[in-house]
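Each remark here refers to the structure printed beneath this line.
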Amino acid sequence: MAGSGWAPPRLDEFILTERLGTGTYATVYKAYRKRDTREVVAIKCVSKRSLNRASVENLLTEIEILKTIRHPHIVELKDFQWDSDHIYLIMEFCAGGDLSRFIRMRRILPEKVARVFLQQLACALKFLHDHNISHLDLKPQNILLSAPEHPQLKLADFGFAQYMSPWDEKHVLRGSPLYMAPEMVCRQQYDARVDLWSVGVILYEALFGRPPFASRSFTELEEKIRSDRAVETDLVVEAVKKDQEGDASAALSLYCKALEYFVPALHYESDARRKEAIRAKVGQYISRAEELKALVTSSSKNLLQRENPARELLREMAKDKPRLCAALEMASAAIAKEEEGKDDADTLELYQQSLGELLLLLAAEPAGRRRELLHAEIQTLMSRAEYLKEQMKMREAQSMGKEALAEPVRSTCTLQ
Ligand code: ADP
Ligand code: MG
């Protein structure tokens, strides 16, 4: 058993060190080759005792497959060995851990990162499918990262993969339910295309931090997949909550973020009925966002215009420092420009310039009252600049939304 008291198995040529992970039927260790280069590898140890006949077959398939293929986005199997108790797969070590941990540590991945990962995953799958191999157990735990910095994806754990022609139909239930295609979950016939479903689920999890059909039971999962209810985004749920709580600026920002997702969804939806439903939602979010924007803008103006004695004091104390004076002057110009409410891009530029100066001066400023005031002023200016940036982004999202709403309704696409 792979419990805490369980010592790693011994191999003549390797020194096994930390445990990297435990999966369905194996424990994976980091290891060093004793001789020569002290090459770092990952060794997947499968206890023969834990294997029934089906698992032996799965493992042999894995070895067979991995031995013959070489691809930049597929974990390399360097070698394999066995002794009386274990079978060992000696693999390329992936220092970045698995995608599941990678997503959890960051909560969600930026679209830019998710896009590159998807490209790499697609590249590996294309290669596999060209060789008539289906993975059948695609999930974040089985996708590894080459390194913590600038990671490359590496597809791993071919325990379930089978040589199969793309249209072969299998009847066995394999893989992990959360990532499984409906035809698999419902125990009907399926084929190589199930991997594509899993890719969709993985992409969703990368962007939203949890799989689209997160469920606590098999029945709940099946019910969720079968229902044709649109997958509600957390963003909208959060936005409505903040709105009800009266936090207008948080709600506004969440609505705008949600719009960023709904606008492409509206664009790509090919089913006329669903497109109409999304269009109605987008319209609703836009008008609420506009109301909120009016609210937020007027309250923020009040805040700006209020007298600021601390700012006056700081100016007074800066009189003998021409550089500080000039930087504060620039900051006032930015605030004045913001009050005018004209060219946001220019205003932002001015804020950023003055902040650059002020931060340099802060670094050289000795401790004392002036430093405290300067510090506070910098924080105010930073949040002004952030707010302005958000405003610009929101305007962009809103105009994108309006453009999308103006698009004519296309009829349902048919493929043939
Ligand atoms: P199982 O078939 O038991 O699911 P996996 O091959 O998926 O085994 O490995 C289990 C876990 O071990 C993975 O989710 C990953 O966290 C870790 N792991 C597996 N292979 C490597 C590797 N080559 N480099 C780094 N970590 C690995
Ligand atoms: Mg696994």
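Read the figures in this text as sums done on the coordinates, not as results from a lab. On a predicted model such as this, the values are computed, not experimentally measured, just so you know. Quick reminder, even Gly has a Cβ in these numbers, built from the backbone with ideal geometry, and neighbours come from all protein chains shown.
Observations, loosely collected:
- The Cα-based radius of gyration of segment 38-169, divided by its Kirkwood radius, gives an Rg/Rh of 0.98.
- Gly21 long-range amide H proximity, modeled H, under 5 Å: Val28
- Between the listed residues Gln379, Ala294, Ala397, the Cα displaced farthest toward the positive end of the dipole of the chain, a dipole computed from Cβ unit charges relative to the Cα centre, is found at Gln379.
- Overall, the ratio between the Cα radius of gyration of the chain and 2.2 N^0.38 Å, rounded to two decimals, is 1.31.
- Taking 37 °C and 0.692 mPa s as conditions, segment 93-165 diffuses translationally at an estimated 257 µm²/s according to Stokes-Einstein applied to its Kirkwood radius (Cα pairs).
- Ranking His86, Ile69, Gly96 by how far each Cα lies toward the positive end of the dipole of segment 32-106 (charges on Cβ) leaves Gly96 at the top.
- Neighbour net charge for Arg10 - beta-carbon separation under 12 angstrom, K R +1, D E -1: -3
- Candidate lysines - alpha carbon under 23 Å from Lys30, same-chain residues fewer than 8 apart omitted: Lys44, Lys48, Lys67, Lys78, Lys139, Lys154
- Within a straight-line Cα-Cα reach of under 18 Å, Lys241 can be paired with the following lysines, leaving aside sequence neighbours fewer than 8 residues apart in one chain: Lys257, Lys281, Lys293.
- Alpha-carbon Debye profile of segment 1-115, log10 I(q)/I(0) at 0.18 Å⁻¹: -1.02
- Cβ-based exposure ranking for Ile335, Ile63, in which fewest neighbours within 10 Å come first: Ile63, Ile335
- Under the shape rule built on the C-alpha gyration tensor, where the axes satisfy a ≥ b ≥ c, segment 236-392 is prolate, since a/c reaches at least 1.5 and a/b is greater than b/c.
- Each peptide among 90-101, 269-280 gets the average number of other Cβ atoms lying within 10 Å of its residues, and from highest to lowest they stand as 90-101, 269-280.
- Taking other C-beta atoms within 10 angstrom as a stand-in for reagent exposure, His375, His150 fall in the order His150, His375, fewest first.
- Ranked Leu89, Leu196, criterion: other C-beta atoms within 10 Å, fewest first: Leu196, Leu89
- Lys, Arg +1 and Asp, Glu -1 on Cβ, resulting dipole of the chain about Cα centre, debye, nearest 20: 640
- Summary of the geometry: segment 64-121 and segment 16-63, compared by the centres of their Cα atoms, lie 13 Å apart.
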